[in-house]
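In what follows, a structure is listed as structure tokens, so that the remarks can point back to it.
Read-outs throughout are calculated quantities, based only on the coordinates presented, and are distinct from any laboratory measurement. Please read all numbers here as calculations on a predicted model, not as lab measurements. Reconstructed Cβ throughout: ideal geometry from the backbone, glycine too, with neighbour counts over all protein chains shown.
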Amino acid sequence: MNRVRQAGERIEELLATLRSREDSAAAAEELVRLVVGLYGDGLSRIVAALGEEGEAGRAILDRLTGDPLVESLLLLHDLHPLGIDERVQRALDRVRPYLGSHAGGVHYLGVTDGVARLRLEGSCHGCPSSAVTVKLAIEDAVREAAPEVTEVAVEGVTEPAGHAGPVLLQIAPCPVPETS
């Protein structure tokens, strides 16, 4: 509890500094660091307590990691109970229904040196935006689940044939109806 009291006192000091506008940027950074640290310590105790509860605690923690906000906080504090491979697989499971309608499936090949490697199984031929849309959906899901990934390499994404640049939408003027 001493750490909490010390942090609370320091937070009050920093707030006073911010109010007086003396070196406010440094004070604000330290304030954020302290608050984030306190929340991290609290989350760490919650995760530990749930771990001590056996199967019931693991089930609660699993349910909590299904919430995007809680999951991001656990990731921020390096407290997520799942390893990177499991988190990427869960992320891909969430986007698979979407991929099935646009690209087929996706096979996770693993993470090496911060690069998550995936391979598409099938593709939507003749749909110019499909390859880009599918790749972005996969990349977003993986980066959200595993922020430590520095790159997402997706094999099997085929660009439309003859695609040399952005596809422009051509809109012809609408004829004005005759009035009588």
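Considering V70, V106, V111, the condition of being out of contact with any strand residue (DSSP E or B) (no Cβ under 6 Å at 6 or more places or on another chain), outside any helix (DSSP H, G or I) and within 30 Å of T133 (Cβ to Cβ) is satisfied by V111 alone. Among the residues of segment 1-15, the ones that are under 21 Å from L73 (Cα atoms) and exposed (fewer than 11 other Cβ atoms within 10 Å of the Cβ) come to 1 in all.
Taken together, the residues in segment 65-74 that are hydrophobic (A, V, I, L, M, F, W, C) and touching a residue at least 12 places away in the same chain (Cβ under 8 Å) amount to 2. Tallying residues that are exposed (fewer than 14 other Cβ atoms within 10 Å of the Cβ), farther than 19 Å from L73 by Cα and in contact with a helix residue (DSSP H, G or I) (Cβ under 7 Å, 6 or more places away or on another chain) within segment 16-54 yields 1.
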